[in-house]
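Structure first, commentary second.
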Amino acid sequence: MDNYLNLPNFVELSDPAWTLGSLSLVVAYGACFAFAIYFVLSSFQLSQRYRLVAVLSAVVMVSAGLSLFREAMMWDRAYVWDAARMLHVPMLDGDTFSNAYRYGNWTITVPLLLCQLPIAMGLPRPELHKRALRMGIAGIAMIWTGLVGQFGEVSDWGLLNLWGIVSTLFFAWLLWEVWGTIRAGAATTPAEIDGWRKNIWWYMLPTWGLYPLAYAMPQLGQTETIVVAQQFLFTTADITTKLVYGVILARFCLRRSALEGHVSAIEALADPAAIGRAVRR
Ligand code: RET
């Protein structure tokens, strides 16, 4: 049975460690639900061409929020408090904790996050569809191979590393496709905001790279520090790759909308001279 259980089910946690693990999950879903509102409302500032970028972020926030809420519930139920020893003890014969549901959720969120990119780059329709499809396939292959491997995190590191390597090959393909999409944006992005385009690449690389670190981490030791650090890493990755990424893309699209003469975007950026130009046009 231990082949299929995640590390938190095998480590007794002190109260601060249990609380920090719980806290990282609660912060993650709380932020997701709150920012769903932000993305819906900020979508109204964008021109029709880019509005879907913020709408997709809102969908990602709700989907991830529900999944992380479930992770937090599992964390609560997987331990019983042993008052004599002052420890939270995993209940292997009752409810257990699992990271596997995250991978199920990424199957939805990763293709959506990747779809936002060519829309934000303003790519023409056929190219947008082609690139979104290729990135989506690479992303799902990366996630499902990783899902198989994560079942080995406690007692089958051969399985963990083998599927980890296969998944990393798909990750490399995915990054190649992401780079291609961002490079294709050079032809369509106004010079004033072209710096943002390249920064999006440099932002995605390290933040998406946090997930494989969290995946491999259980090999560093079966201790409470590792259990808590893994949840912290997942939360940092969740907030940076979904929420902050969404804010960056929405602000980038706001500027694109303004440069293309969309009045509510110009007003949002508070540039009266530009509003004058747009209204006269
Ligand atoms: C896995 C398995 C080990 C190897 C690699 C992985 C990469 C995972 C990534 C996940 C990104 C998820 C996102 C979710 C947003 O909702 C599957 C952990 C390379 C990059 C962005």
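Side notes on the structure shown:
Yes/no per residue for (1) touching a Gly at 6+ places or on another chain (Cβ under 7 Å); (2) over 20 Å from residue 14 (Cβ atoms); (3) at pLDDT 95 or above; (4) buried (at least 21 other Cβ atoms within 10 Å of the Cβ):
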position: 86; (1), (2), (3), (4): no, no, yes, no
position: 91; (1), (2), (3), (4): no, no, no, no
position: 94; (1), (2), (3), (4): no, yes, no, no
position: 104; (1), (2), (3), (4): no, yes, yes, no
position: 107; (1), (2), (3), (4): no, yes, yes, no
position: 110; (1), (2), (3), (4): yes, yes, yes, yes
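- Residue check for residue 157: open to solvent by 40 Å² or more (accessible area, probe 1.4 Å) and either over 14 Å from the mean Cα position of the chain (by Cα) or within 25 Å of residue 37 (Cβ to Cβ) (or both): yes
- You will find that of 143, 137, the residue that is touching a Ser or Thr at 6+ places or on another chain (Cβ under 7 Å) and within 16 Å of the ligand (Cβ to nearest atom) is 143 and no other.
- All positions within the range 57-84 that are away from the ligand (no atom under 16 Å from the Cβ) and either open to solvent by 40 Å² or more (accessible area, probe 1.4 Å) or within 21 Å of residue 42 (Cβ to Cβ) (or both): 73, 76, 77, 80, 81, 82, 83, 84
- Of all residues in the range 118-139, those satisfying the criterion of being among the hydrophobic types (A, V, I, L, M, F, W, C) and surrounded by 18 or more Cβ atoms within 10 Å (Cβ to Cβ) are 119, 120, 121, 123, 128, 132, 135, 138.
- Residue list for the range 201-228, restricted to those being touching a residue at least 12 places away in the same chain (Cβ under 8 Å), away from the ligand (no atom under 11 Å from the Cβ) and either part of a loop (DSSP other than H, G, I, E, B) or surrounded by fewer than 20 Cβ atoms within 10 Å (Cβ to Cβ) (or both): 201, 203, 219, 222, 223, 225, 226
- The C-beta contact set for the range 98-116 (first residue in contact (Cβ under 8 Å) with a residue 12 or more places away in the chain and more than 8 Å from the ligand (Cβ to nearest atom), second residue open to solvent by 20 Å² or more (accessible area, probe 1.4 Å) and β-branched (Val, Ile, Thr), distance under 7 angstrom, 6+ apart or interchain) comprises 107/140; 111/140; 112/59.
The values are calculated or read from the model by the stated rules, or taken from the named source; none is laboratory data. Worth saying up front: this structure is predicted, and the values here are computed from it rather than measured. Because the Cβ atoms are built from the backbone with ideal geometry, glycine has one as well, and the counts that use them run over all protein chains shown. When the accessible area is computed, the model is the full protein with side chains, heavy atoms only, and any ligands, DNA or RNA have been set aside. Shrake-Rupley method; radii C 1.70, N 1.55, O 1.52, S 1.80 Å.
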